[in-house]
Structure formats: C-alpha cells, structure tokens
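Just below is one structure, and these are the notes that go with it.
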Amino acid sequence: MGGDALLRLMHLTVFGVYGVLGEGWAFLGGCFWVGWMEYRRIWLLGGCYAFTVVTFRRSPWLCQDVARAALREAIVHVRKRYPFTIEAMVLLPDHLHCVWTMPEGDSDYATRWRLIKTYVTRKCVDRLELPVKISKSRYKRGERNLWHRRYWEHCIRDDRDFTNQCNYIHNNPVKHGYCAMPKDWEYSSFHRFVSEGKYPKNW
C-alpha cells in the first residue's frame with residue numbers, strides 16, 4: 001500500500017466510516033482496520049499475529065504455579081468456543097510473548113485476550129495477594145491489579161517475519177538475563193521446537 005493510500009485509510013478510520021461496519025471501521029483487502037486518534041489495530045481474517053501481554057506495573061507473578069495453572073486453564077477454556085493455534089510462546093515473570101494463528105474467516109483476537117485475562121484474574125487474583133494497589137479509575141472499570149490494560153500485537157507478513165518472531169520469543173529469557181541459553185528456560189515453546197526438529201538443542 002502506498003503512503004497516500006495509507007493516509008487516506010487512516011483518515012477514514014479516524015473520522016468514522018458509517019454504513020460499512022459502524023463508526024471507526026473500514027475494510028480493505030481482507031483486513032479490518034479500527035482507528036482512533038490514540039490507538040489503531042489491524043484485523044486480518046485468518047491471520048497470524050505476535051502478541052506481547054504485560055502484567056500491571058510489571059509485577060512479577062506470571063511464572064508462579066497458581067498463575068501458570070490459571071493461564072493454562074484459561075487458554076483451554078477459551079479455545080473451546082473461540083479456537084486459535086498457539087505457534088510459539090514464552091512466559092516470563094512480568095510479561096509473555098506468543099504467536100497465534102486465527103481460524104479462517106476470524107480476526108477477533110481481542111475477545112480471546114479479554115476472556116483469557118478475565119479468567120486468570122478471577123481464578124487467582126486473591127490467591128496471589130499482590131501488593132500493587134489499583135487506581136480509582138481501574139476500580140471503576142472493574143479492573144484488578146494483574147494485567148496492564150493494553151497489549152501489543154503485530155500482524156505477521158510472511159515466513160521470514162514468522163521465523164524472526166519465533167526466534168525473538170525463544171531468545172527473550174536470555175535477553176532479560178533469566179538464563180544463559182533458551183534451552184535453560186522452562187516456560188517456553190522452545191522445547192517443542194527442538195522436539196519437532198525446528199531448532200538444535202543448543203540453539
């Protein structure tokens with residue numbers, strides 16, 4: 001897409017497209033764009049996405065046994081109604097990275113993340129006893145002190161992009177100083193990649 005065409009699309013999404021999908025929506029080439037002045041996401045039907053999800057104020061609770069169990073249950077629970085494939089994933093104390101492939105004709109990863117985060121919160125917020133206090137605005141929204149409100153997503157373009165994202169995910173524990181090599185970090189799909197012959201063990 002050329003620069004002028006992209007600017008026109010952004011202009012349409014910011015100021016509202018009515019009669020197509022409602023305020024703030026546009027459709028182009030199989031991709032849904034939702035655009036506001038502060039935040040824009042791209043929605044590709046059946047697309048592959050890389051995500052980063054962060055804990056509230058970087059509180060390091062994600063690798064605790066109760067949190068990992070709740071997250072695992074949440075993913076199983078949500079995939080029964082809203083299926084998706086987890087291509088790669090790593091869990092660190094204060095954030096996670098993963099790559100998902102969405103089903104054909106589906107781009108609603110937002111609902112999936114909302115349900116996963118809500119499930120985990122209900123399952124373990126009281127058991128974790130986090131010391132981080134929540135603001136009045138978060139309290140009014142019904143938010144607790146587990147998750148950062150937003151998350152980051154990247155729509156994967158091609159095989160090279162997919163490989164780069166998986167490499168980044170599996171090297172992330174090394175990058176943050178949690179281990180010397182990816183094989184040393186327990187909470188990672190790196191071990192599955194090795195068993196499937198995609199990586200050497202000492203990658």
Filter pass, Thr52 being of a type in the set (S, T, N, Q), surrounded by 14 or more Cβ atoms within 10 Å (Cβ to Cβ) and under 21 Å from Asn164 (Cβ atoms): yes
Taking the condition in contact with a helix residue (DSSP H, G or I) (Cβ under 7 Å, 6 or more places away or on another chain), in the same structural domain as Trp61 (by TED's automatic domain parsing), modelled with pLDDT under 90 and not polar (S, T, N, Q), does Arg150 pass? no
Could we say that His97 is more than 21 Å from Arg149 (Cα to Cα), at pLDDT 50 or above and surrounded by 13 or more Cβ atoms within 10 Å (Cβ to Cβ) here? no
If you check His170 against the conditions, is it surrounded by 13 or more Cβ atoms within 10 Å (Cβ to Cβ), in contact with a strand residue (DSSP E or B) (Cβ under 7 Å, 6 or more places away or on another chain) and modelled with pLDDT of 95 or more? yes
Residue selected from region 123-145 under the condition charged (D, E, K, R) and surrounded by 13 or more Cβ atoms within 10 Å (Cβ to Cβ), by the criterion modelled with the highest pLDDT: Lys123
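The values are calculated or read from the model by the stated rules, or taken from the named source; none is laboratory data. Remember, it's a predicted structure, so these values are computed and weren't measured experimentally. Cβ atoms come from the backbone with ideal geometry, glycine included; neighbour counts cover every protein chain shown.
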